[in-house]
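One structure below.
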Amino acid sequence: MQFEKIIIVDDDPIIRRMLVGHLQKSEIAALGVVNVRQAIEEHSKEPADLLVVDLHLPDGSGMDIMQAVKQSDSPAEVIIMTGFGTIESAVEAMKLGAANYLLKPFNVSQFDVVLGQILEKRRLCKENTYLKEQLKEESFVSDLRYQSETMSTIEGLIKRIAPTNATVLIQGESGTGKELVSRAICENSLRRDKPYIKVNCAAVPENLLESEFFGHEKGSFTGALQKREGRFELAHTGTLLLDEVTEISLGLQSKLLRVLQEQEFERVGGTRPIKVDVRVVATTNRDLKLAVEKKEFRQDLFYRLNVVPLVIPPLRERSGDIEFLLKYFLDRFAKRHNKPVLAISPRALAQLVAYQWPGNVRELQNYAERAVILCEEGRDLEYSDFTMTAPPPEAAGVTAQSSGGWDGVGQNGSFPTIADMEKELIGRALKRTDGNRNEAAQLLGINVRTLRNKLAEYEEGKKASVATE
């Protein structure tokens, strides 16, 4: 992260030339002006992200420039400098929002220290904002929990690859804990104290995803009211998680490939290349090799992401973790909701272990919380407390031939079509998640964009049916 444009405002040509020349040597666009009027005009035409202004100018005060900048709702910051420093003027400048205060004479080393302090403050503020957003979305359980040998092997791999800068591709079904594995890689890396930024590629509309990645310049498209830094800039020197990377369009995939290869990009509407140092971790719940074969994902990008592959097995393939995770989640949610710690009856436990858990650990966690909240005190938890429709055949002693499951009428008489079953499953998923589309999509193993399209398709079908009646 660095300044893109700085305006130096001083009627002293020696100071002006010294600072402008020093900034340009550092590849920062710099402009020198001599008075308040020129400063305000230049900032209005092409905004700077920092103005360094003398307190006493021929046509006014540096305070006038600072007030004009703030009234324009510009995010630019202002440093006040003067050769007539007093405690009173320093206090007044800081009260009005000056980023810093420099007393003349000063050298370029002192100037660089002040610039560095402002950049660090900006970085911390932006990182804090994104961390707050992430905390709203994330579960309070943020660490990997397991008992199976399979996950123990994966943890060993995490510890081996984390200290490197290699790109990591994490594959696995929705709800298996891919994001927790990504965070574990970051926390065990040499970048653990640097930014950890994530972007859910499936949740961001396709037309906004490029701006989300790379940021945009003011006026680059309708609604771009001011310059915005993208996630790659925010993750500079740290780690960037590209969650569900297969949802990126082919056009954007080529731009992502360039960033991974060259660590360089331009903002939307920009022309200046921006260099970054970012370690990328990507996740997907799809078979990437199959997506490459279908021409839905670039082969060269696949190879670039797949430097170190990690495959997280579904919960049904590591049944040894089910009982361990159930008891762990029940204990945690009991404390969270001020409820007594509940035991599971042996029969219910056998049924839960036999259940296939299509939503994996996320589904198990949600059911555990629901059971804690709704169960009456004074008894063990039963299978019905986890609000599933019926015990799995293996647990209930029912054969596959004798178990039904469809009680509606399909388009082809009494036998349902694939479309009928698909619609039924989507309806059940939405009911189970209380209408939460993100959770329903995760439960179904599809992305939320596909779910939205299906619901829109059903709605159009309903309207067409009403119109023909």
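Rule-based calculations on the coordinates, nothing more; no lab input. Small disclaimer: the values here were computed from a predicted structure and weren't measured. FYI the Cβ positions are ideal-geometry reconstructions off the backbone, even for glycines, and counts take in every protein chain you see.
Quick notes
- Our note on the geometry: Cα centres of region 225-281 and region 165-195, 18 Å apart.
- Of all DSSP beta bridges in the chain, antiparallel share, percent nearest 5: 20
- Other residues lying with their Cβ under 15 Å from the Cβ of Phe333 contribute a combined charge of +3, Lys and Arg counting +1, Asp and Glu -1.
- Overall, the chain carries a charge dipole of about 560 debye about its Cα centre when +1 sits on the Cβ of Lys and Arg and -1 on the Cβ of Asp and Glu, all other atoms neutral.
- Computed across region 138-313, the Kirkwood hydrodynamic radius from all distinct Cα-Cα pairs reaches 16.8 Å.
- Net charge of neighbours whose Cβ lies under 15 Å from the Cβ of Pro163, counting Lys and Arg as +1 and Asp and Glu as -1: +3
- Which of Phe265, Leu430, Ile312, positive extreme of dipole for the chain (C-beta unit charges): Ile312
- The chain: calculated mean residue ellipticity at 222 nm from DSSP helix runs of at least 4, using -39500 (n - 2.57): -14500 deg cm²/dmol
- Residue order, fewest to most beta carbons within 10 Å, for Asp73, Asp64: Asp73, Asp64
- Fewest-first sequence of Val9, Val52 by Cβ atoms within 10 Å of each Cβ: Val9, Val52
- For Lys255, a cut-off of 21 angstrom between C-alpha atoms picks up these lysines, skipping any fewer than 8 places away in its own chain: Lys198, Lys218, Lys227, Lys275, Lys289, Lys294, Lys295.
- Kyte-Doolittle at least 0.0, axis length at least 15 Å by Cα - qualifying DSSP helices, the chain: 13-25, 149-161, 250-262
- Net +/- balance of residues flanking Gly230 in space, Cβ distance below 10 Å, scoring K and R +1, D and E -1: -1
- Rounded if a/c under 1.5, otherwise prolate or oblate - the chain, Cα gyration tensor axes: prolate
- Candidate cross-link partners of Lys431 among the aspartates and glutamates, defined by an alpha-carbon separation under 13 Å and a same-chain spacing of 8 or more, comprise Glu439.
- Three-way shape label, region 5-121, alpha-carbon gyration tensor, a/c 1.5: rounded
- A straight Cα-to-Cα reach below 20 Å connects Lys121 with the aspartates and glutamates Glu4, Asp49, Asp73, Glu77, Asp112, Glu133, Asp193, Glu229, Glu233, Asp277, residues fewer than 8 places away in its own chain not being considered.
- Which of Lys126, Lys294 has the fewest Cβ neighbours within 10 Å, and the rest in rising order: Lys294, Lys126
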